[in-house]
1. 222 nm [θ] for the chain, helices only, -39500 (n - 2.57) per DSSP H run of 4+, per residue, to 500?
2. Could you pull out every residue, at least 5 positions away or on a different chain, whose amide H is within less than 5 Å of the one on residue 379? Hs are placed 1.01 Å off N in the peptide plane, and Pro or chain starts have none.
3. Let me spell out the model: positive unit charges on the Cβ of Lys and Arg, negative unit charges on the Cβ of Asp and Glu, origin at the Cα centre of the chain. What dipole size does that give, in debye rounded to 20?
4. What Rg and what Dmax come out for the chain when only alpha-carbon atoms are used, in angstroms?
5. If you average the C-alpha positions of segment 1-68 and of segment 276-295 separately, how far apart do those two centres end up, in angstrom?
6. Tally Lys/Arg at +1 and Asp/Glu at -1 over every other residue whose Cβ is under 12 Å from the Cβ of residue 269; what's the total?
7. Hey, if you put +1 on the Cβ of every Lys and Arg and -1 on every Asp and Glu Cβ in the chain, which of 330, 286, 272 ends up farthest toward the positive end of that dipole?
8. Find how many whole Å separate the alpha carbon centroid of segment 90-163 from the alpha carbon centroid of segment 69-89.
Amino acid sequence: MRVAIIGGGAAGFFAALSAKDHHPGAEVTIYEKSDKLLSKVRISGGGRCNVTHHCTEPRKLAKHYPRGEQFLRKAFERFAVRETISWFSEHNVELKTETDGRMFPTTDSSQTVVDVLQEGARKRGVRIALHCGAKAIERTSDGSLRLMIGAQDLRADRAIITTGGHPSPTSYRWLAELGHTIVAPVPSLFTFNMPGEAIRDLMGVVVPARVRIVGTEVESTGPVLITHWGLSGPAVLRASAFGARSLHALDYRFTVQVNWLEGLSEESVRKTFSDQADVLARKIAANADPFHLPKRFWSYQLDRAGIPMDRPWGTIGKKEKNRLIDLLTNDRYQVSGKTTFKEEFVTAGGVALNEVDPITMQSRSVPGLYFAGEVLDIDGITGGFNFQAAWTTGFIAGKLEA
Ligand SMILES: Cc1cc2nc3c(=O)[nH]c(=O)nc-3n(C[C@H](O)[C@H](O)[C@H](O)COP(=O)(O)OP(=O)(O)OC[C@H]3O[C@@H](n4cnc5c(N)ncnc54)[C@H](O)[C@@H]3O)c2cc1C
């Protein structure tokens, strides 16, 4: 059996290794259009490769995917985080878990992951063909697949498409010509640009907060990092992922509403101030923060509320207090543009999931054709979820089940 894997990234390698393990007699070839293999794995996670996330319950795991939740729920029943940890351990790569759940190789080096995949391919006799970009694919009358790869006209019994995500729809044209619907690709996982907003002077400050995109349903709670260009951090990246489509439609110009107290209501903030009134009355404004916000951030908000730092708290009028409460619970900034997040960025969109069987990864319209990785309309939030989707779909596709 000749198996053609199109794309030499994480999903392509995992699919190739799985194909060889499930079908040792198969002739498996990875066709890669560039001269580099596993290039994203190499640069991933700031050079450490965030392999997966310590979330072992398939249903919970699937919730981290703005696109693909339902599809992956089924796939995760077959291969998920436990299986990933075991696979790497069986191949002598131990993973460690950081406090936020992200899992990395204990070597803290993505090269370890590159090596285990490349060595695994070599040991199993997977063939590698570089500078081989696939341009067209069709099913022949004898049931095999005809592939145009570079200038070559090749035949394969099975093909697994693992060409990753791309921001331009033209990259998917050859798959659309095959009859597959392509959900328009748009970027996911980015940070917000806020030119002209004074808050940028607080760069480096992190505040646990709730962000909401005004005029949409997008909302996310978690750490917000203030940067020299705007806002970043887990809550913002999560909002950019769940809002990838609506923010694209807004041309990345929108108002972000921030509750700097993780969603505490105006009433409960007011109550906290009044409950602690006696204690606060003995302090100057600069030291009268009952919420333990970062000092620079508290000073910035006092300043905007028109409250001098050295004013005794007890002498502050209702109007200034109301202004401060509003700034803490209902702060607003104009976002104009996005910046790519350097640690991890992905594409929302790709091959429509209703045309692929989540139990096998086989195309519902072209027998013998399989998909895995980011080429599918699947993307996760940051934290190792994108590689997990590549391992899961790659492993299952490599089984080549009908
Ligand atoms: C900077 C960065 C850091 C990241 N860090 C992390 C992380 O730490 N953890 C995490 O979970 N995710 C991370 N991601 C996301 C993750 O890298 C991707 O989701 C994952 O690589 C997808 O794997 P893939 O194999 O589907 O696609 P890719 O890794 O993109 O591989 C696709 C391959 O196919 C080749 N190709 C494309 N078209 C053709 C064609 N027509 N013919 C032949 N070959 C073709 C490409 O050249 C490429 O080599 C990161 C992404 C980036 C950009």
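Read-outs: derived from the displayed coordinates by stated rules, not from any lab. Here the structure is a predicted model, which is why all the values come from computation and not from measurement. Virtual Cβ from ideal backbone geometry, glycine too; neighbours counted across all protein chains shown.
1. Calculated from helices alone, the mean residue ellipticity at 222 nm is -9500 deg cm²/dmol.
2. Excluding prolines and chain starts, which carry no amide H, the hits are 67.
3. On the way: 50 positive and 44 negative charges, 63 e Å.
For this selection, approximately 300 debye.
4. Cα-based Rg and Dmax for the chain come out at 25.1, 87 Å.
5. That distance is 52 Å.
6. Working: positive: 270, 271, 321; negative: 262, 266, 267, 275, 289, 326.
Spelling it out: positives minus negatives among the neighbours equals -3.
7. Positive-end residue among those listed: 286.
8. If we compute the Cα centre of each part, the gap is 18 Å.
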